[in-house]
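Novice: I have a structure I would like to understand better, so I am pasting it below and will then ask my questions one at a time.
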Amino acid sequence: MKAGFVYFALVFALGFLLGTLRTQVAPAIPESARLLAVIIELPIMLAASWFFCGFVIRRLAVPPAARSRSLMGGVAFILLMLAEFLIGAVMLGHSLGEHLTLYKDASYAIGLAAQIAFALMPWMYTVFERDPGTPA
């Protein structure tokens, strides 16, 4: 669970920074360009998530068992969804229904798909881990 919290915190901090930058630039671009901004940000966030995932797994010695890695990703995903809702509720005054309705928009739906990938990364990392005894 600790690994899930640390993974969430690292990725959320970067996402919050990039999201803040994106929303500062957004008034200068048309509404239709929001999707483009998300598509530009997406590879950065996914690459960073993969990096942070590996860092947390190594640093906290998360066992390669699917259960351990799935717990890490699940905890991180729940925290991310909760944080996103709370930011919308506190900063924008969105109700839960209004928040869920946002996912009808393509940019939010793509973001949700990326967040699901973020949640699956600890489990996927196991597949791509090399056995330390195997030559490169």
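The values are calculated or read from the model by the stated rules, or taken from the named source; none is laboratory data. Given the structure is predicted, the values throughout are model-derived calculations rather than measurements. Here Cβ is always computed from backbone atoms with ideal geometry, including for glycine, and neighbour counts include all displayed protein chains. Just the protein is used for accessible areas: all its heavy atoms, side chains included, with ligands, DNA and RNA removed. Shrake-Rupley method; radii C 1.70, N 1.55, O 1.52, S 1.80 Å.
Novice: Send over a whole-number figure in Å² for the accessible area per residue of the range 1-90, probe 1.4 Å.
Specialist: 59
Novice: Give the shape of the chain as rounded, prolate or oblate, defined through the alpha-carbon gyration tensor: a ≥ b ≥ c are the square roots of its eigenvalues, a/c under 1.5 means rounded, and otherwise the shape is prolate if a/b is larger than b/c and oblate if not.
Specialist: prolate
Novice: Related question: Just want the answer: with Cβ charges of +1 for Lys and Arg and -1 for Asp and Glu, which residue in 38, 62, 102 is farthest toward the dipole's positive end in the chain?
Specialist: It is 62, whose Cα lies furthest towards the positive end.
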